[in-house]
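I have placed the structure first, in the form of structure tokens, so that the comments after it can refer back to it.
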Amino acid sequence: MNVHLRRTFYLFAAGFVALVGMLVYWQVYARESLANNPQNGLQTRRAIEAPRGLILAGDGKTVLARSEGRQTEEGTVYERIYPEGEVFSNVVGYWSVRYGASGIEIAQNSNLSGVTSDPATLDDLINQVRGGRQPGNNVELTLDPELQRIAYEELGQTVTGKGSAMAIDPRTGEILALVTHPSYEPNDIDDNFPDLIEDQDFPLLNRATQSLYPPGSTFKVITSSAALKAGVEPSDEFFDPGFLDTPGYRVFNYQGKDYGKLTFAKALAFSVNVIFAKIAIQEVGPELLYETAQDFGYGDPYDDFILPVTGSDLGYPPDQWVEGNTAQIAFGQDRVSSNVFEMGLVTATVANDGVMMEPRLVREVRSPDGIIIDRPAQSIRRRALDAGTANTLNEMMQGVITTGGLTQAEIPGVEVAGKTGTAETALEPHSWFISFAPADDPQIAVAVMVENGGEISAEGDAATPSIPIAQDLMEEYLKRGDG
């Protein structure tokens, strides 16, 4: 009899432990994912019965998302309104009972939703216990609303109307603009979502973080970093006959030019493919080039960033490279793929003495009563270069503007550093430009890419749709003294 009692006791004990374990799992570990799941009917119903928190731009005034009440037979329900529409939708996202959520709306749902956010005050706690409607917390982003608008408008005016841009404070990691074009109207998401899914321009895709493109000659900044690490000096001379033959691949310069004898610094200023291919093969080697790209974030999936990011990549490990691969990778072709999020961080890292700061989009979270709940602190993500190497590269990138003759990128009274990129594709090449200013005290770094925007020459005498966008962003930011 005692044996049966013991077995029954053990059975009930095991069941009790399993029940507690399940409760802990759903209440602690899976609480947020369950609450954020749009297929959770109870949470969805409760969510529309309470106002979600505001999403604000970095000025603390520009409202990017708010909840608006509407009377129904069952009482008041709240709908999401996006006053700035498609300009910010790739970051802010949408909130839909029918189609779920995206962007900051889902990433910060635990704060924005009155259902899942923790009470910040005693009144909030009492209201929550009584089952009353609990307003969500307000989330202030780092985005500069004017920079966001400028980038969106000017990308839309390019020859293809497709591209992306990022501006970032290299000292803090605060993202000042993160733009993709074309975008979508979030206020009509319930009506237009099926059409947006079928749209061949892919407006729901965040080109700034999720698309991948060959970075072209902007990658020469990374190759230059590796060369400086290998001991190459800016004054070292190399000879360019106009081509370089490698097994199975011949390297040419833009428009078939040959530059003869050039210093390393001028090879960057004039974006000479042949010399960079030579340096990558003869001075750097696959391993160091690969490691340097990794130091700058290639291969990093950025899983901890608040928005989904498709990681940049070099295609395959360096032990599988042959000379032709190394040559092409040196100027951002072959299987190299990236986006403005990554190249913006590369640029900011050079500007910040070789230190990459954690990229941030959320400045702070406040309760409806204005109490600060969270204010993420700036932090270092990695060091890609020592300060001396970064400063040398800074000077070389200034030479791209002055020696290379990129007058479009100049800002009166301000020293600018930058690098162009023409990324070859099956169609028209992508137009890239990365830059930071003031070069002697960098306050803003930018990366702009126009899809199939046309060729860019180092001398600036070809179509350069990405350059004036970057120049306008930097000039607007600096003239206000925001830095």
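Coordinate-derived values only; no laboratory data. Here the structure is a predicted model, which is why all the values come from computation and not from measurement. Backbone-built Cβ (ideal geometry, glycine too); neighbour counts: all protein chains shown.
A simple spin-label model places pseudo-atoms 7 Å from Cα toward Cβ; at residue 246 and residue 320 they are separated by 1.6 nm.
Each of 305, 252, 341 was scored by other Cβ atoms within 10 Å of its Cβ. Arranged with the fewest first, they read 252, 305, 341. A straight chain from residue 379 to residue 282 at 0.36 nm per residue would run longer than the Cα-Cα distance by 31.2 nm.
Quick one: of 61/162; 266/419; 229/278; 229/257, which pairs are farther than 20 Å apart, Cα to Cα?
Checking Cα-Cα distances, 61/162; 229/257 exceed 20 Å.
Computed across region 127-226, the Kirkwood radius stands at 16.8 Å (inverse of mean 1/r, all Cα pairs).
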